[in-house]
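Structure first, commentary second.
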Amino acid sequence: MAVLYGVSLGPGDPGLITRKAWELLNSDADWVYPVRKKGGKSYALAIVQASGLPIPESSQALVFPMTHDMDILARYWLQAAEVVVDKLREGRDVVFLVEGDASTFSTFQHLAKTVMALDEDAEVVTVPGVTSFNAAAARADMPLADTDDTVAIIPAGYGLQMIERLLDDFDTLVLLKVKPLLDDILALLDRRQLSDQACFIEKAGSSEEKIVHNIQSLKGKKVNYLSLILVHNTQRKRGEMIRGCRKKTI
């Protein structure tokens, strides 16, 4: 059996692709990459394209639809895994392109489990990379944690009740994929008087990056799916220096 590699590419800046990932991209391995629908664009593939690497003729899109229906997802995971297993059995290494980090809220983990369920001899290797929230914190000059600070990282889809509870319990809260609940999150942060200590970052590090310090200005606006909000809960740090985004960001 050949090897399936989950190759992390970082959140958008091709300069954040690791040396290990670069070596695999330049090997003779077949590339596969996720798309939301047949014929759709792949953000992961776009990161590699921005690096200047040519796309191998053997590259292939794998469909992973945007749905929470587990029956539908399982069907597409199986179809994708069957494509990969066929390549592995032919002795061809496979590189699965992953935006961000392959171990963090990544489709790759579902693919890897399904591949191993189809063939117990399959070898899977995860190549780590820069996460979107690490890149976003650096770009916004907003440290995630200092000294003994606590940090929570969740998809915003967990809901407002969970977000409010975590604001009470953690010094820094990272909310991923905020698009569906953006206005509700903005209202919550306004009520908690935390708007000034929050930053909105979209497509961190890419050529389409957007950093917004005045997050309330986003109310009612459409944002990209690849967006997040960093919140420093200074109410847990009374008397200390207020931290937040650089004021020169929009």
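The values are calculated or read from the model by the stated rules, or taken from the named source; none is laboratory data. The model shown is predicted, which means the values in this text are computed figures rather than measured ones. Positions of Cβ are generated from backbone atoms using ideal geometry, with glycine treated the same way; all protein chains shown enter the neighbour counts.
What number of residues within region 12-38 are among the β-branched types (Val, Ile, Thr) and either within 19 Å of Gln109 (Cα to Cα) or free of Cβ contacts under 8 Å to residues at least 24 places away in the same chain (or both)? Going through region 12-38 one residue at a time, the tally reaches 2. Taking (1) part of a helix (DSSP H, G or I); (2) touching a residue at least 12 places away in the same chain (Cβ under 8 Å); (3) among the β-branched types (Val, Ile, Thr); (4) more than 17 Å from Val3 (Cβ to Cβ) in turn, Thr104 satisfies each apart from (1). Take Leu228 and tell me if it is part of a helix (DSSP H, G or I), modelled with pLDDT of 90 or more and not assigned by TED's automatic domain parsing to the domain that holds Ser106. Judged against the criteria, Leu228 is not a match. The residues of region 1-18 that are in contact with a helix residue (DSSP H, G or I) (Cβ under 7 Å, 6 or more places away or on another chain) and part of a strand (DSSP E or B), listed by number, are Leu4, Tyr5, Gly6, Val7, Ser8, Gly10. Residues in region 107-130 that are of a type in the set (Phe, Trp, Tyr) and farther than 17 Å from Val95 by Cβ: 0 in all. Can you name every residue in region 41-69 that is closer than 15 Å to Gln79 by Cβ and among the small types (Gly, Ala, Ser)? Scanning region 41-69 gives a single hit, Ala61. Note on region 39-57: residues that are closer than 13 Å to Leu25 by Cα and surrounded by 19 or more Cβ atoms within 10 Å (Cβ to Cβ) amount to 4. Counting only residues that are buried (at least 23 other Cβ atoms within 10 Å of the Cβ) and over 15 Å from the mean Cα position of the chain (by Cα), which one in region 89-102 is farthest from Ser8 (Cα to Cα)? Going through the qualifying residues, I end up with Val94.
Scan region 65-81 and tell me whether some residue there is buried (at least 17 other Cβ atoms within 10 Å of the Cβ), farther than 28 Å from Leu176 by Cα and not charged (D, E, K, R). So that I can check it myself, show each step before the final result.
So in region 65-81, the residues buried (at least 17 other Cβ atoms within 10 Å of the Cβ) come out as 76-77, 80-81.
Filter once more, so that each one left must be farther than 28 Å from Leu176 by Cα: none.
Taking every residue of region 65-81 in turn, none turns out to be buried (at least 17 other Cβ atoms within 10 Å of the Cβ), farther than 28 Å from Leu176 by Cα and not charged (D, E, K, R).
Okay, residues lined up against (1) touching a Cys at 6+ places or on another chain (Cβ under 7 Å); (2) basic (Lys, Arg); (3) part of a loop (DSSP other than H, G, I, E, B); (4) farther than 28 Å from Glu57 by Cβ:
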| position | (1), (2), (3), (4) |
| --- | --- |
| Gln79 | no, no, no, no |
| Val83 | no, no, no, no |
| Phe96 | no, no, no, no |
| Phe108 | no, no, no, no |
| Val115 | no, no, no, no |
| Gly129 | no, no, yes, no |
| Asn134 | no, no, no, yes |
| Leu144 | no, no, yes, yes |
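Would a scan of region 58-75 turn up a residue that is touching a Pro at 6+ places or on another chain (Cβ under 8 Å), closer than 24 Å to Thr114 by Cα, in a helix (DSSP H, G or I) and not small (Gly, Ala, Ser)? Yes, region 58-75 has at least one match. The residue that is surrounded by the most Cβ atoms within 10 Å (Cβ to Cβ), counting only those in region 147-167 that are more than 15 Å from the chain's Cα centre (by Cα) and touching a residue at least 24 places away in the same chain (Cβ under 8 Å), is Ile163. Taking the conditions (1) surrounded by 17 or more Cβ atoms within 10 Å (Cβ to Cβ); (2) hydrophobic (A, V, I, L, M, F, W, C); (3) closer than 16 Å to Leu9 by Cβ in turn, Phe105 satisfies each one other than (1). Could you list, in sequence order, all residues of region 200-218 that are crowded, with 19+ Cβ neighbours inside 10 Å, of a type outside the set (Ser, Thr, Tyr) and within 21 Å of Phe105 (Cα to Cα)? Scanning region 200-218 gives Phe200, Ile201, Glu202, Lys203, Ala204, Gly205.
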